[in-house]
Amino acid sequence: MYPCVECYRKKLLQNIETVTRMMHADRKIMCAVVKGFCADDSVMEILEESSVDWIADSRIEDLAKLHTRKPRFLIRLSQPCEIKDVVASSEVSFESEIETLQLLQEEAQRQHKNHGVILAIDMGDLREGIFFQNLEELDEAVETILRSPNLKLLGIGTNLGCFGGVMTDLINMQGLIDTASHIEHKFSVTLPYISGMTTAAMEMIENKTMPLQVNHGRFGEAWLIGFDSVDNRRLAYLHDDAFLFKAQIIELKEKPSRPIGHIGGNAYGEHIEYKNEGLMHRALLAFGTQDVKYEYLVPLDENVEFIGASSDHTIISLRNADQYKVGDVLAFKLKYHALLHLYTSKYVKKYVV
């Protein structure tokens, strides 16, 4: 059935193992981020066969359903309303707020469990974390964990690139290392993990310029679609087609290139000026923005050009229309956000082949 996402088991496993080998070669922990496919059971079977060390997700609902022997890491800061589930369904979580740490301790004690914490440090991308220059707040958070009998300080980590577009480099990695050293020296502790690597760090990993002290990474985009959005580059040693989206043509007609009549806003309130390019071979595909934005898709057929979309339909121009008929299926490579959206949509079928 269409529309659908097909996951190609062999290619995905090759991607996973390639990135994992690169990490293990420098004695670093490979943490596979699975939010891109909503921790889908069929894809998770591939992860369980792999050599990855940890499983990470931003949604506790995904971690809760996993049957895995690998540590589960919640990489979005815990919501106070979900603390019970965080303790029950993850071994480790990213945290930055004193109040949340206190709630975690209370709940872990209730559940007779220990819970690992990696303190989130903001190294300048300005999303989550204790700002790296605010040592007073950092020390208070460390003290809170150390005096909590059911919490264990496993390390510190940072996220770069996702909000501010800050590149991973030796300067911010050294800053993260210095922050870890401050904690270790002031509190006489050893931090097992410094988690500074994401797909945005792949170039440093490739060139072996990542400091040895940064020994933990959280990767999604690289092994899922073979791309690094922060550097805007294809990772040539990885498959970029381990996932493909497929959609069916439901109408194929020759129509004018510009709408006819008095023009107002479209269904989204947008006022779009269409060029007059004469008659066009136009096709309707049976998916829309409720499923995925076409801007996140890359057609395998170079003759396919996106024109626009509504919630349930996507309109394309076909420069070589003779080869197509109603019922034919078009395939697309995915950008990372396409994968996120498609696996979230209940109207898109998912297959592992």
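With 32 Å as the limit on Cα-Cα distance, the pairs of LYS113/LYS186; LYS10/LYS70; LYS84/LYS333; LYS84/LYS208; LYS10/LYS84; LYS11/LYS70 that go past it are LYS84/LYS333; LYS84/LYS208; LYS10/LYS84. The aspartates and glutamates within cross-link reach of LYS350, meaning a Cα-to-Cα straight distance under 17 Å and a gap of 8 or more places when in the same chain, are GLU6, ASP40, ASP41, GLU45, ASP62, ASP241, ASP291.
Amide hydrogen proximity for THR198: with H placed 1.01 Å from N in the peptide plane, the residues at 5 or more positions away or on another chain lying under 5 Å are ARG218.
If you take the alpha carbon atoms of the chain and fit the smallest convex hull around them, that volume is 155 Å³ per residue.
Karplus-derived 3J(HN,Hα) values for the stretch 188-198, using 6.51 cos²θ - 1.76 cosθ + 1.60 with θ = phi - 60°, are 6, 10, 10, 8, x, 10, 10, 9, x, 9, 9 Hz; glycine and proline are entered as x. Largest mean-square fluctuation among GLU49, GLU184, GLU107, in a Gaussian network model of the chain whose springs join Cα atoms under 10 Å apart, belongs to GLU49. Each residue, VAL298 and GLU206, gets one label point 7 Å from its Cα in the Cβ direction; the gap between the two is 1.4 nm. Modelled label positions at ARG319 and GLN290, each set 7 Å beyond Cα in the direction of Cβ, lie 3.3 nm from each other.
Between HIS112 and THR190, the FRET efficiency from the beta-carbon distance, with R0 = 30 Å, is close to 0.70. Counted by Cβ distance under 11 Å from GLY157, the other residues give a net charge of -2, where Lys and Arg count +1 and Asp and Glu count -1. GNM on the chain, alpha-carbon springs under 10 angstrom: the most fluctuating residue among LEU300, LEU126, LEU176 is LEU300.
Heavy-atom accessible surface of the chain, averaged per residue, reaches 48 Å², computed with a 1.4 Å probe. Put the Cα centre of the stretch 277-353 next to the Cα centre of the stretch 210-232 and the gap is 28 Å. If you take all other residues with their beta carbon under 13 Å from the beta carbon of MET123, and give Lys and Arg +1 and Asp and Glu -1, the sum is -4.
Projecting the Cα positions of GLY157, LEU224, GLY175 onto the charge dipole of the chain (unit charges on Cβ atoms of Lys, Arg, Asp and Glu, taken about the Cα centre) puts LEU224 furthest along the positive direction.
So what is the 222 nm mean residue ellipticity for the chain from helices alone, if each DSSP H run of at least 4 adds -39500 (n - 2.57) and you divide by all residues, rounding to the nearest 500 deg cm²/dmol?
Mean residue ellipticity at 222 nm (helix-derived): -8500 deg cm²/dmol.
Working note: Debye formula, equal point scatterers on the alpha-carbon atoms of the stretch 134-267, no solvent; log10 I(q)/I(0) at q = 0.11, 0.16, 0.20 Å⁻¹ is -0.60, -0.91, -1.15.
Counting only protein heavy atoms and using a 1.4 Å probe, what share of the accessible area of the chain belongs to carbon plus sulfur, as a whole percent? Walk me through the numbers on the way to the answer.
Details: 8440 of 16960 Å².
After summing per-atom areas, the C and S share lands at 50 percent.
Ranked from largest, the principal axis spans of the Cα set of the stretch 1-116 equal 44, 42, 22 Å.
If you run the Gaussian network model on the chain, springs between alpha carbon atoms under 10 Å, then out of GLY164, GLY196, GLY288 the most flexible one is GLY164.
The values are calculated or read from the model by the stated rules, or taken from the named source; none is laboratory data. Here the structure is a predicted model, which means the values were calculated and not measured. Using ideal geometry, Cβ is built from the backbone for each residue, glycine included, and neighbour counts are taken over all protein chains shown. What goes into the accessible areas is simple: the full protein's heavy atoms, side chains included, and nothing from ligands, DNA or RNA. Shrake-Rupley method; radii C 1.70, N 1.55, O 1.52, S 1.80 Å.
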